[in-house]
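Trainee: Pasting a structure here, questions to come.
The values are calculated or read from the model by the stated rules, or taken from the named source; none is laboratory data. Please read all numbers here as calculations on a predicted model, not as lab measurements. These area figures cover heavy atoms from the full protein model, side chains too; ligands, DNA and RNA do not enter into them. Shrake-Rupley method; radii C 1.70, N 1.55, O 1.52, S 1.80 Å.
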Amino acid sequence: MKNVLNGLSVALVITVLVLSLVHIDEVKDGIITSIENCVINIVPSLFLNSVFSGVLIKCSVAFKPKKISYANYGIFLAFLLGNICGYPIGAKVLSDLVKENAITSEQAEIAICFSFASGPAYILGIVNTALYHSKLLGFTAFISIFSSNMLLYMICTVKFKFKSNVNISCKGVPLTASVMESINSSANSMISICSAIVFFSALISILPSLNPIISAILEISNIISLQGNGILFFILTTVLLSFGGLCVHMQIICLSGGSYSFKWFYITRPIQLLLTALFSSLGYIIVQNHISLETEATNSIKFSNTESIIPFICVSGMVLIALTYRKSDR
């Protein structure tokens, strides 16, 4: 059986390689577009959040409230940062907490279930402009996803009663050292995230014309190509945002560094998506009479001046930091 799976894997890789050569122009266009997306949107929105979250974890674990265990405190931080800062941040925070010995890998495995969300910046910015044309609907989508994660967080806290490791030894880190270490680590993380985005964009470009929903399931940024309105459309897009796309799943697995498993993450996904659908339907019913009738004339979005060389210089510096960081680890 193992030999059969290995054979199928080899055949799949060869097929994709051949298709990428046949559709080389589409692949190049897809890669260029995804790199521009990373430089102009992904890195600017995630890098600072990643650095600050790393600094917060390193500096705050030694100064937690005395009546709260390290585990409960760390998991609460992961929940909060994961839902506010965006998809990969929760996974990175949990990985940092495991490395700092603030929580166990088993606790991180549970915590990732409710520390995974697109965050308000992505929903209220890019997605809201392209899909909803209403800040109220964008905020409702964010609250729906946040509420489903918060309910999971409360259930898991009661059920698993997160306890700290008796051998825990968390010490505060000087601010300067924690900032530099977080910058290096975040630069490395951004490379992993952007690499996954480029890979999936190239993969999608060689496939036959896909349904926009399938494209969004593969890579969540494709959600902006969806068109529609009404409650069913709102529920669909909110659930897709809550799912995050397989590309983002690959990103969080890379960022975890193998420090914890994702078994419970995938076991609880259906529950979390159902909760998101429930909260989004209730939210839409509540706000539908207050939704502005004004809509944008076009779905095209201007993110920034793509002719500017400054973002490319910044990302080049980040790549240099990441390569230096990796070399120093060897």
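Trainee: Sort Lys135, Lys92 by accessible area with a 1.4 Å probe, largest first.
Mentor: Heavy-atom accessible area, descending, gives Lys135, Lys92.
Trainee: Tabulate in residue order the Karplus-calculated ³J(HN,Hα) for region 265-277, using 6.51 cos²θ - 1.76 cosθ + 1.60 with θ = phi - 60°, rounded to whole Hz; enter x for Gly and Pro.
Mentor: Using θ = phi - 60°, the values come out as 4, 7, 5, 8, 4, x, 5, 5, 5, 5, 5, 4, 4 Hz.
Trainee: Along its three principal axes, how long is region 220-298 when you only count alpha carbons? Whole Å, largest extent first please.
Mentor: 48, 28, 15
Trainee: Ignoring everything but the protein chains, give the 1.4 Å probe accessible area of Lys161 in square angstrom, nearest 10.
Mentor: In the full protein context, Lys161 sits at about 130 Å².
Trainee: Taking Cα centroids, how far is region 93-144 from region 231-255 in Å?
Mentor: When both Cα centres are located, 10 Å separates them.
Trainee: Can you flag which of Lys99/Lys263; Lys159/Lys263; Lys92/Lys263; Lys28/Lys92 are past 22 Å Cα-Cα?
Mentor: Correct reply: Lys28/Lys92.
Trainee: How large is the accessible surface of His290 in square angstrom, using a 1.4 angstrom probe and rounding to the nearest 10?
Mentor: Approximately 130 Å² of His290 is accessible to the 1.4 Å probe.
Trainee: Please list 3J(HN,Hα) in residue order for region 97-112, calculated via the Karplus relation 6.51 cos²θ - 1.76 cosθ + 1.60 where θ = phi - 60°; whole Hz, with x for glycine and proline.
Mentor: Rounded to whole hertz, the list is 5, 5, 5, 7, 6, 7, 9, 8, 5, 5, 5, 5, 4, 6, 5, 5.
Trainee: With every protein chain kept in the model, how would you rank Glu219, Glu106, Glu26 by accessible area, 1.4 Å probe, largest at the top?
Mentor: Highest to lowest solvent-accessible surface, that is Glu106, Glu26, Glu219.
Trainee: Next question. Could you tell me what a quarter of the Cα convex hull surface of region 95-152 works out to, in nm² with one decimal place?
Mentor: 4.5
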